[in-house]
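The values are calculated or read from the model by the stated rules, or taken from the named source; none is laboratory data. These figures come from a predicted structure and were not determined experimentally. Note that each Cβ is placed from the backbone with ideal geometry, even for glycine, and that neighbours are counted across all protein chains shown. All accessible areas refer to the heavy atoms of the entire protein, side chains included, with ligands and DNA or RNA removed. Shrake-Rupley method; radii C 1.70, N 1.55, O 1.52, S 1.80 Å.
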Amino acid sequence: MIDDIIVTKKIFERFSKDFSNYFEVDVAVAGAGPAGMIAAKYLAKHDKKVVVFERKLSPGGGMWGGGMTFPIIIVQEESKKILEEINVKLDKAEEGYYSADSVEACSKICTATIDAGAKIFNAISVEDVLIRNNKINGFVINWSAVEIAGLHVDPLSIRAKYCIDATGHAAEVCKIVQKKVGRLNTPSGKIEEEKSMCAEIGEKTVVENTREVYPGLFVAGMAANAVYGAPRMGPIFGGMLLSGKKAAEEILKRLG
Ligand code: 48H
């Protein structure tokens, strides 16, 4: 016999236990795209307590769709090791270019992130930051369903030693900081805005632009180029992976 109410009770109890384990963490990540998940994976591998909040039901961000929905991504030599480590099958497409199945890459990155010990909560959006003594020290979160329905429901918050904005093109957390908190660590103090496509430059700058953009807040992935005014790069994903890894390395240096 299956008791419907036991199912309800166990879901509620397990979620409550899981969620309360992440009220205070080492690192909180906004966005479970490739950059956010890779950052979380490397941080968790180094025994840091990491939580990722993803607005959508499925983690993976813009990687599922490959290029124009052809479900293939390209990575370059420098980044292929990150996919090899998690057993993503790569085809050498041409000298220095490797192709992978985007569905395989997405699902294996997600699995590796969870297996490393990071926690991904889906259907939760980051809608603001926590700030104390001019340092960002957490996220303000709400159910995505509340956001989508436009309901007036106050959010909850979680505390983190460091936060990462990995929300992709929209750079949502940095936009909030620009609007409500203060000057970003950019030439103008504001978001410089993403530029038109040039994969050669975009892939290089996305790694260079992965840094602390406000005390306590790092920016990674496509958001880094949007914030620092660098080009997009199309469906080559090596830069996203390297950016996530760099964000983790920089934060690990601070956390010790
Ligand atoms: C919770 C949020 C919020 C929020 C957004 O877009 P992503 O895949 O981001 P990256 O940087 O890991 O990868 C970028 C890549 O996918 C891409 O777009 C490229 C390479 N473009 C090149 C080009 O030329 O177009 O993932 C971001 C994730 C998504 O899953 C969002 O749903 C999520 O963040 N998200 N989650 N709270 N406020 N905002």
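Yes or no, residue by residue, for (1) within 13 Å of the ligand (Cβ to nearest atom); (2) free of Cβ contacts under 8 Å to residues at least 12 places away in the same chain; (3) farther than 14 Å from residue 171 by Cα:
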site: 206; (1), (2), (3): yes, no, no
site: 216; (1), (2), (3): no, no, yes
site: 220; (1), (2), (3): yes, no, no
site: 226; (1), (2), (3): yes, no, no
site: 234; (1), (2), (3): yes, no, yes
site: 243; (1), (2), (3): yes, no, yes
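In the stretch 3-20, the condition of being of a type in the set (A, V, I, L, M, F, W, C), in a helix (DSSP H, G or I), within 16 Å of the ligand (Cβ to nearest atom) and buried (at least 24 other Cβ atoms within 10 Å of the Cβ) is met by no residue. Would you say residue 240 is within 26 Å of residue 102 (Cβ to Cβ) and in a loop (DSSP other than H, G, I, E, B)? Considered against the rule, which asks whether it is within 26 Å of residue 102 (Cβ to Cβ) and in a loop (DSSP other than H, G, I, E, B), residue 240 comes out as no. Residue 194 meets the conditions (1) more than 10 Å from the ligand (Cβ to nearest atom); (2) surrounded by 15 or more Cβ atoms within 10 Å (Cβ to Cβ); (3) closer than 14 Å to residue 224 by Cα; (4) more than 17 Å from the chain's Cα centre (by Cα) in every case but one. The failed one is (1). Taken over the stretch 31-76, the criterion of being in contact with a Cys (Cβ under 7 Å, 6 or more places away or on another chain) and within 22 Å of residue 136 (Cα to Cα) is satisfied by 37 alone. Counting only residues that are within 19 Å of residue 83 (Cα to Cα), open to solvent by 30 Å² or more (accessible area, probe 1.4 Å) and in a helix (DSSP H, G or I), the stretch 206-236 holds 1 of them. The residues of the stretch 36-62 that are open to solvent by 10 Å² or more (accessible area, probe 1.4 Å) and either within 21 Å of residue 253 (Cβ to Cβ) or in contact with a Gly (Cβ under 9 Å, 6 or more places away or on another chain) (or both), listed by number, are 41, 42, 45, 46, 47, 48, 49, 54, 55, 59, 61, 62. Each residue in the stretch 117-137 was checked for being in contact with a helix residue (DSSP H, G or I) (Cβ under 9 Å, 6 or more places away or on another chain), surrounded by fewer than 23 Cβ atoms within 10 Å (Cβ to Cβ) and in a strand (DSSP E or B), and 7 of them qualify. Given the criteria open to solvent by 10 Å² or more (accessible area, probe 1.4 Å), under 18 Å from the mean Cα position of the chain (by Cα) and modelled with pLDDT of 95 or more, does residue 169 qualify? Criteria met by residue 169.
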